[in-house]
Structure formats: C-alpha cells, structure tokens
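Notes follow once the structure below has been shown.
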Amino acid sequence: MPELPEVEVTRLGVAPHLEGRVVEGVVLRRDGLRWPFPARLGELLAGRRILRTGRRGKYLLIHFEHGTLIIHLGMSGHLRVLPPGTEPKKHDHFDLVVAGPGGQQVLRMHDPRRFGAVLWHGLDDGDLEQHILLRGLGVEPLGEAFSGALLHRETRRRSAPIKQVLLAGDIVVGVGNIYACESLFRAGINPKTPAARVSRARYDKLATAIREILAAAIVQGGSTLRDFLAVNGQSGYFQQTYFVYDRAGVPCRNCGAPVRQIKQGQRSTFYCVNCQR
C-alpha cells in the first residue's frame, strides 16, 4: 500500500498541473471503487477552480471553494497526468479533466484492485477534519505538533507493541509498515517493546528518526512498492537504502547479524536483535 511518502510524492507531482486550473469535466468508468463515486460529481466540479492541493495522512486532498475532493490510492492505485485524448487502459477508472494556460490535461486514476476511493466533502458537510475517514487521524509526522514528548505522553497506557501503536495512526498518522520498521531500527528500539515501556529519551530519538526517514523517502520519490508509480510514471528508489525492511536473513548493515522477520498484526516486521533493544 502506498504510504505517506508515496502520497506526498504524488501530491507534489500533481499540484503544478491542478492548482489554479478549472475543471472541465469528470469521467467515471465504473460506479465506484471501495465506495461508490459521489452522485453528480461531474456537475459538482464542472467550471470550478482548484484552489490548492493538500494531504492528510495517506489521503490526497484537492480543495475547491465549495468543498474538497478526497482521494485514497488504496492498495495498488496511482495517479498520472496525461494529455487529452490519451486512451484509457484497463483499470483506469477516474479522470479529472482540467484546463489552464497550457491547455487541457487529464488527471487519471488507475486502480487494479479497486481499494482506492474518490469522495466529496462539501462545505455543507461541516469541518473537513470531522470527515469519517479523517477525524480519527493523529498528528502529521512532519508537522510541528509531532514530537517525542507527544509519543511519550500518549502511550503511557498503551501495552501494545510500539510498532503496532505507530501503525494504528491515532497518535501519529501515515507511518506505515515500511517506515515504522526503518524508524524503529534507526532509533534502536525493538518493535516488540510495549509502547508504555519506551522512555521519553528513546521517544525523542524515534520522533527524530520518523521525521528524517519520511523526509528522505519523499526526496527519493518514495519506495518501489509492487504497484506504486509517481505521477511521471517513475518508481521511487528509497528501497535501495533500507536497513531492515524486506531484508530477512541478510546481514545487518550495522552489526552483521541476520535481520529477523516476524509477524505482528498480520504484517511482516523486520528488525535486528543486536541493534534494537
């Protein structure tokens, strides 16, 4: 599944092609993806100017004066910016046609597994942060509100393993499986450690590691997941710098011990028993 860096890379890629442009049309090639497409979406957006793009966790936000289009890439989705008239391929389910100084362009969503989403939240629906998909999300890991102090304070009653607490997303959002493994390795924290037993000093190290790793992944275009492509069709290359993720049995880059793989909450966890205590 595309994680926060992949979604931010997508946002950075589409922003110059969307912001300030006017929607000329919407093309829907099926009734919906994970959920049905909004009713009369074409009527809602036609002739409306896109103010800006944003991101909340793994959700891409396209803001208009009268509401916000919420896009989730699901397990296998990606967005491409294409010239008008480009023939759709199988699994190309949604087009947003926009016009601007350079002429028409098409934002196209490709989603083979159809776990993605295209939803609408109008001004009449209330505060965007209270949307059912957004209201339970924690703070942004690259924002000012995120810190070791926050992690320490919010985990005093959490007996679950620290990695599972990170993945839950209700304290800090967008730290998915890959980046949780890598961040815990950099901070030297065993992923099985109960969250309540991690000290404030170690949470300071973890918060720094999360920030650094996510920022580096964004610069490097995200990770090459099975289906992820950036807007320009290029794959990310952060995976070339993994220290533990997907390296089971391979010598640790720090100490040489074999990287271990275990299951936590039906997800694979990779860690070094020597470097992570």
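The values are calculated or read from the model by the stated rules, or taken from the named source; none is laboratory data. These numbers were taken from a predicted model, which means no experiment stands behind them. Here the Cβ is made from the backbone with ideal geometry for all residues, glycine too, and neighbour counts use every protein chain on show. The accessibility values were calculated without ligands, DNA or RNA, using every heavy atom of the protein model including side chains. Shrake-Rupley method; radii C 1.70, N 1.55, O 1.52, S 1.80 Å.
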In region 54-79, the residues that are surrounded by fewer than 21 Cβ atoms within 10 Å (Cβ to Cβ) and farther than 21 Å from Arg135 by Cβ: Glu65, Met75, Ser76
Filtered residue count, region 35-48, keeping only those that are outside any loop (DSSP other than H, G, I, E, B) and surrounded by 20 or more Cβ atoms within 10 Å (Cβ to Cβ): 1
Pair list, Cβ under 8 Å, 6 or more apart: region 22-34 residue outside any loop (DSSP other than H, G, I, E, B), other residue aromatic (Phe, Trp, Tyr): Val26/Phe94; Val27/Phe94; Leu28/Phe37; Leu28/Phe94
Matching option when the condition is touching a Phe, Trp or Tyr at 6+ places or on another chain (Cβ under 7 Å), open to solvent by 60 Å² or more (accessible area, probe 1.4 Å), among the hydrophobic types (A, V, I, L, M, F, W, C) and outside any loop (DSSP other than H, G, I, E, B), among Leu12, Leu51: Leu51
Inter-residue pairs, beta-carbon under 7 Å, first modelled with pLDDT of 95 or more and in region 240-267, second among the acidic types (Asp, Glu) and surrounded by 14 or more Cβ atoms within 10 Å (Cβ to Cβ), 6+ apart: Phe243/Glu182; Val244/Glu182; Tyr245/Glu182
Pick from region 134-181, criterion within 16 Å of Glu212 (Cβ to Cβ) and hydroxyl-bearing (Ser, Thr, Tyr), ranking: modelled with the lowest pLDDT: Tyr179
Close pairs (9 angstrom Cβ cut-off, 6 or more residues apart or separate chains): in contact (Cβ under 8 Å) with a residue 60 or more places away in the chain and of a type in the set (Lys, Arg) in region 46-66, assigned to a strand (DSSP E or B) and open to solvent by 10 Å² or more (accessible area, probe 1.4 Å) anywhere: Lys58/His72
Any helices (runs of 4 or more DSSP H) falling wholly within region 109-224 and containing at least 2 residues that are open to solvent by 60 Å² or more (accessible area, probe 1.4 Å): 148-154, 200-219
Complete set of residues in region 241-277 that are open to solvent by less than 50 Å² (accessible area, probe 1.4 Å), within 20 Å of the chain's Cα centre (by Cα) and small (Gly, Ala, Ser): Ser268
